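K.L.:
The structure that follows is given in the form of structure tokens.
Here, each number is a calculation from the coordinates, and none is a lab measurement. Given the structure is predicted, the values throughout are model-derived calculations rather than measurements.
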Amino acid sequence: MNNLKHYRASRNVTQLDLAQRCGVSRTSIFNAENGKLSLDLAEKCSKALGVNRYVLLGLDAVVGKPHQDELKLIVEELNKYDK
């Protein structure tokens, strides 16, 4: 599970407000908070909330900085199967 809902709520940001900041629908944010967070949306949300995208994805404790580029490629490949 990702950390999007936690960080959004901790900043007193509604799903609708975050959706507008990211240029997506509120339903997209709802779906992202419930396990459908793509790398692209994680990037947009991380900028809107001021949080590292790996933290939002729940991968910060697993992957150190030297491996972030490799992780990005893995996540991109996994996202292909979500479509």
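K.L.:
Work out how much length residue 30 to residue 9 would gain on full extension: take 0.36 nm times their residue separation and subtract the Cα-Cα distance, in nm to one decimal.
P.N.:
6.3 nm is the gain from fully extending residue 30 to residue 9.
K.L.:
Would you calculate the volume per residue, in Å³, of the smallest convex hull containing every Cα atom of region 4-80?
P.N.:
85 Å³
K.L.:
Taking amide H atoms as placed 1.01 Å from N in the peptide plane, list the residues 5 or more away in sequence, or in a different chain, whose amide H sits under 5 Å from that of residue 3.
P.N.:
Counting only residues 5 or more places away or on other chains, the set is 57, 58.
K.L.:
Want the number for residue 76 to residue 52: 0.36 nm per residue separation, take away the alpha-carbon distance, what's left?
P.N.:
Fully extending the segment from residue 76 to residue 52 adds 7.0 nm.
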